[in-house]
Amino acid sequence: MDWLLEELGLAWQQVSRQALLNDIIQAVRNTPILDEVLQTTVNQVDVLLKVSHCLIARPNTHNDMVVRYVSQTADKSESLIGSYCPFYRYYHDILALGKPVVLSSIDETLPPELLCQAHEDNIRALMIVPLMYQNSYIGGITLVQCNCLQKWTDSDVEFIQTLADHCAIAIYQAELHQQLQTQLAERQQVEEALRQSEARYRAIVEDQTELICRFKPDGTITFVNDAYCRYFNKQRSELIGQTFLPTMPSHDRALITKNFRSLSQEHPTNTYEHRILLPSGEIRWQQWSDRALFDEQGNFIECQAVGRDITQLKQAEDDIRHALEKEKEASELQSSFVSLVSHEFRTPLTIIQTSAELLEHYNHMWSEEKKQKHFTRIQTSVSRMTHLLEDVLTIGKAEAGKLKFEPSPVDLVAFCQDLVENLRMSAVSGHALAFGEQGGIAAKHRDRAINFAIQGNCTDAKMDEKLLGHILTNLLSNAMKYSPKGGTIRFDLISTSDSAVFRIQDTGIGIPVQDLDKLFESFRRASNVGTIPGTGLGLAIVKKCVDLHRGKIAVESELGVGTTFTVTLPLDACA
Ligand code: ADP
């Protein structure tokens, strides 16, 4: 009967232990919370094996085994947590090999300090089974019997060892889980940092006034920033995945293609400027810096381009270049003025001196006619110098804005007739009478006829007679000066309701096209004047006088055929 009871007891014990093992296995599988699994284990072992308490120790940071879990039935179980287990240190070498320590009784074979500790804690029997995972010693399960000795059976030891294996797995899994959680958290942090950094860079890229885009080698756009969309007035969706090149002159397109093709791993960047044609027809300048991106095999995978509108910059450059050219021209003009004026003065002065000396020496020998000839030469030279001086003074005043404009009623017909008559007279008499140098010129070119014709009623105008005199005298004497012998000059005065048109047409040497636009600047002379004397001041004065009348001047000319100057002045410049 006893043996039956014993058999039944053993069977029951077997079932209970298996049940606990199953519970633990389930818990390990399903409960990610390690504390819960291990606490349940110590509690149940305590009950099942009827020990005073069961505990699990784990190494602290100094690798000392300290109590982490104590069965809740134990006295002062709370106070044991965190306490150091001297038995673990003493039996460390055995435990580290994965072998259990089984003490059915605490006896005198133990070293005194352990014995003392055991007495203090009232320990009578002890079993420690190490927790091993893949040959690593990661803790232990301790069973303590306080009130009586305990004969630990092989089956007890085996059971606790199996339990220890599952606990070790649970610990390992939990650590793995913890590691994963930490890694996950770290990754999330990294991802968040990346996201923030990406957002920051995106904001920088988007807030740029620079145009930024990326495109594949075949030109397909993969990225554009806001500035790019705004500049080309396009939606992002119209650009991404498309090829897009703005309209531009073919030369500029060829330049872009050439630059793009020159990109290589050795020279991955280049910068160039080109023009584009906006839909409004406006031409704008852009500057682009391209950077080619290559993969690890060295294949050209993408190009990143940063561009800006440099139209204003180009404009400023042009302005500076023009200003420099103007300055250069001005200094050239200044030096040409000095040589021109000194030459123009020296020639009449030499004539005056020579004629005066000849008259002094040969006065008594010469006929009246010969003397007169030299007097005329002196007078002509003086008038030429006077006129030159007048011209220099007039242009000086005009450029300083000091030329006076004093309009008064003028009978244009009578005014022009007088002017033509004076020119004719001076031509006939051979003297510089009313128009100084111009008269001289008229005299010199006495074989050129001026045909004056009137259209409309031009008797009632309000103009500055002096300035009008400058305009017409200069144009008419130029027409004579630059015309061949026997040439005819047409002078038309045409009046409309509100303006008077003075047209002076000659059949002279004409003006080369390239000289036409600068003709009204001081000291400008056309390249075909040859030895015909002049200062290049007359037309500049004409232009200033026309401007003061708020009028217009136009010139048409054909080389070797002739030139027509047309001056249009309002009948009343003050109105
Ligand atoms: P210039 O004293 O040299 O005649 P202007 O200022 O009167 O100076 O004229 C400027 C230049 O314009 C002349 O040097 C000449 O080259 C050209 N020009 C002016 N009028 C005529 C014309 N009727 N026929 C041909 N060239 C002319």
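The values are calculated or read from the model by the stated rules, or taken from the named source; none is laboratory data. Quantities reported herein were computed from a predicted structural model and do not represent experimental measurements. Cβ sites come from the backbone with ideal geometry, for glycine too, and all protein chains shown count toward neighbours. Side chains are part of the model used for accessible areas, which takes the heavy atoms of the whole protein and leaves out ligands, DNA and RNA. Shrake-Rupley method; radii C 1.70, N 1.55, O 1.52, S 1.80 Å.
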(request) Provide a single number: the residues in the range 51-72 that are more than 15 Å from P130 (Cα to Cα) and either open to solvent by less than 90 Å² (accessible area, probe 1.4 Å) or of a type in the set (G, A, S) (or both). (result) 6
(message) Go through the range 513-563 and report how many residues are at positive phi and charged (D, E, K, R).
(response) 1
(request) Using the structure shown, decide if V47 is of a type outside the set (S, T, N, Q) and assigned to a helix (DSSP H, G or I). (result) yes
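Let's see how each residue does on (1) open to solvent by 20 Å² or more (accessible area, probe 1.4 Å); (2) out of contact with any Phe, Trp or Tyr (no Cβ under 9 Å at 6 or more places or on another chain); (3) in contact (Cβ under 8 Å) with a residue 40 or more places away in the chain:
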position: L472; (1), (2), (3): no, no, yes
position: Q505; (1), (2), (3): yes, no, yes
position: L519; (1), (2), (3): no, yes, no
position: R525; (1), (2), (3): yes, yes, no
position: A540; (1), (2), (3): no, no, yes
position: K552; (1), (2), (3): yes, yes, no
position: T563; (1), (2), (3): no, no, yes
(message) Just the residues that are among the polar types (S, T, N, Q) and either farther than 18 Å from L245 by Cα or modelled with pLDDT of 90 or more (or both), please, taken from the range 270-287.
(response) N270, T271, Q286, Q287
(message) Which of the numbered conditions does D35 fail, given that it passes all the others? Conditions: (1) free of Cβ contacts under 8 Å to residues at least 24 places away in the same chain; (2) over 25 Å from C148 (Cα atoms); (3) in contact with a Lys or Arg (Cβ under 9 Å, 6 or more places away or on another chain).
(response) (1)
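Rundown of residues vs (1) outside any loop (DSSP other than H, G, I, E, B); (2) in contact (Cβ under 8 Å) with a residue 60 or more places away in the chain, yes/no style:
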| residue | (1), (2) |
| --- | --- |
| T40 | yes, no |
| N43 | yes, no |
| C54 | yes, yes |
| A57 | yes, yes |
| T61 | no, no |
| I94 | yes, no |
| I106 | no, no |
| C116 | yes, no |
(request) Report yes if I471 is within 10 Å of the ligand (Cβ to nearest atom) and either assigned to a helix (DSSP H, G or I) or over 27 Å from D418 (Cβ atoms) (or both), otherwise no. (result) no
(request) Working only within the range 387-403, note down all residues that are open to solvent by 70 Å² or more (accessible area, probe 1.4 Å), under 51 Å from the mean Cα position of the chain (by Cα) and not acidic (D, E). (result) K397, K402
(request) Can you confirm whether the range 485-501 contains a residue that is within 25 Å of I395 (Cα to Cα) and either touching a His at 6+ places or on another chain (Cβ under 8 Å) or within 8 Å of the ligand (Cβ to nearest atom) (or both)? (result) no
(message) within 12 Å of the ligand (Cβ to nearest atom), in contact with a Pro (Cβ under 9 Å, 6 or more places away or on another chain) and modelled with pLDDT of 90 or more: which single residue out of G508, G530 fits that description?
(response) G508
(message) Looking only at the range 231-269, filter to residues that are within 26 Å of E282 (Cα to Cα) and aliphatic (A, V, I, L, M); which one of those is modelled with the lowest pLDDT?
(response) L245
(message) Six or more apart or on different chains, Cβ atoms under 6 Å: show the pairs whose first residue is in the range 336-360 and assigned by TED's automatic domain parsing to the domain that holds L389 and whose second is basic (K, R).
(response) P348/R384; I351/R377; S355/R377
(request) For the range 543-575, name all the residues that are in contact with a Gly (Cβ under 6 Å, 6 or more places away or on another chain) and away from the ligand (no atom under 16 Å from the Cβ). (result) T568, L569
